[in-house]
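Enquirer: There's a structure below that I have some questions on.
The values are calculated or read from the model by the stated rules, or taken from the named source; none is laboratory data. The structure displayed is predicted, hence computed values, not measured ones. No Cβ is skipped: glycine too gets one built from the backbone with ideal geometry, and neighbour counts run over all protein chains shown. For accessibility, only protein heavy atoms count, side chains too; no ligands or nucleic acids. Shrake-Rupley method; radii C 1.70, N 1.55, O 1.52, S 1.80 Å.
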Amino acid sequence: MNHDAAPLLEALRTVGERDQAPLDSPGPKGGRTLDPWFRDHSAAVDLNNLPDTDTLHCPEGPILAAEQLIADAWGVGQSFILVQGSTSGNIAVALSALRPGEPVLVQRNAHKSVLAGLVQVGARPVWLEPRWDPRFG
């Protein structure tokens, strides 16, 4: 075995250097949709729970300020920044808003994280067929 090889890093580099935007999850599209500064410095800002960066558990600084800006932009009373993208948010909504056996309307093409939340809480999906959009096919 060649222990100098880095097959995963090489595959990631090959995909990352392609001139194409992936259309699968997650949403950042390989960094192509991120602010250029953030994209170029993402490893340097991979920080957690430092006094200067705040904490998601009980924000009092920049995370709280960002959550307040988000809430104001959407016209809601409160907003929470989450980790792991929409998956953790969808599961959290199911676990906090539904009860076992409770019916809930779910589109047939819902993200699998919605289904994971329904399974975890034991809610009963009532399936809705999505509308066909002729403009997007």
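Enquirer: If Lys and Arg each add +1 and Asp and Glu each add -1, what is the summed charge of the other residues whose beta carbon sits under 14 Å from the beta carbon of Gln120?
Expert: Once positives and negatives cancel, what remains is +2.
Enquirer: Further question on the same structure: Return one whole number: the accessible area per residue of the chain in Å², for a 1.4 Å probe. Before the final figure, lay out the partial values.
Expert: On the way: 11350 Å² over 137 residues.
The answer is 83 Å² per residue.
Enquirer: Within a Cβ distance under 15 Å of Val45, other residues only, what is the Lys/Arg minus Asp/Glu net charge?
Expert: Details: positive: Arg39; negative: Asp35, Asp40, Asp46, Asp52, Asp54.
Value of the local net charge: -4.
Enquirer: Explain nothing, just the number: relative contact order of the stretch 7-112, from Cα pairs under 8 Å at least 6 residues apart, as a whole percent.
Expert: Details: 39 pairs, mean separation 10.8, N = 106.
Averaging sequence separation for qualifying contacts and normalising by length gives 10 percent for the stretch 7-112.
Enquirer: So what's the net charge close to Gly61: Lys and Arg +1, Asp and Glu -1, counting the other residues with Cβ under 12 Å from its Cβ?
Expert: Working: positive: none; negative: Asp52, Asp54, Glu60, Glu67.
Residues near Gly61 contribute -4 overall.
Enquirer: In nm, to one decimal, how far is the Ser79 label point from the Trp132 one, both placed 7 Å along Cα→Cβ?
Expert: Placing both labels 7 Å beyond Cα along the Cβ direction yields 3.7 nm.
Enquirer: Please return the longest stretch of the chain lacking exposed loop sites, where chymotrypsin sites (Phe, Trp or Tyr not before Pro) count only if DSSP places them in a loop and at most 11 other Cβ atoms lie within 10 Å. Display every interim value, and only then the final one.
Expert: On the way: sites that count: Trp132, Phe136.
Free of exposed loop sites, the longest segment is 1-131.
Enquirer: Could you give the Stokes-Einstein D for the chain in µm² per second, using the C-alpha Kirkwood radius, 20 °C, 1.002 mPa s? Intermediate values should be presented prior to the final figure.
Expert: Values: Rh = 18.9 Å.
The Stokes-Einstein estimate is 113 µm²/s.
Enquirer: Just grab the label-to-label distance for Val104 and Glu17, each label 7 Å out from Cα along the Cβ direction, in nm (one decimal).
Expert: About 4.4 nm, to one decimal.
Enquirer: Also, quick follow-up: Per 0.36 nm of contour for each residue apart, how much would the distance between Ser88 and Asp72 grow if the chain were fully extended, relative to their Cα-Cα spacing?
Expert: On the way: separation 16, 0.36 × 16 = 5.76 nm, distance 2.24 nm.
Additional length available on full extension: 3.5 nm.
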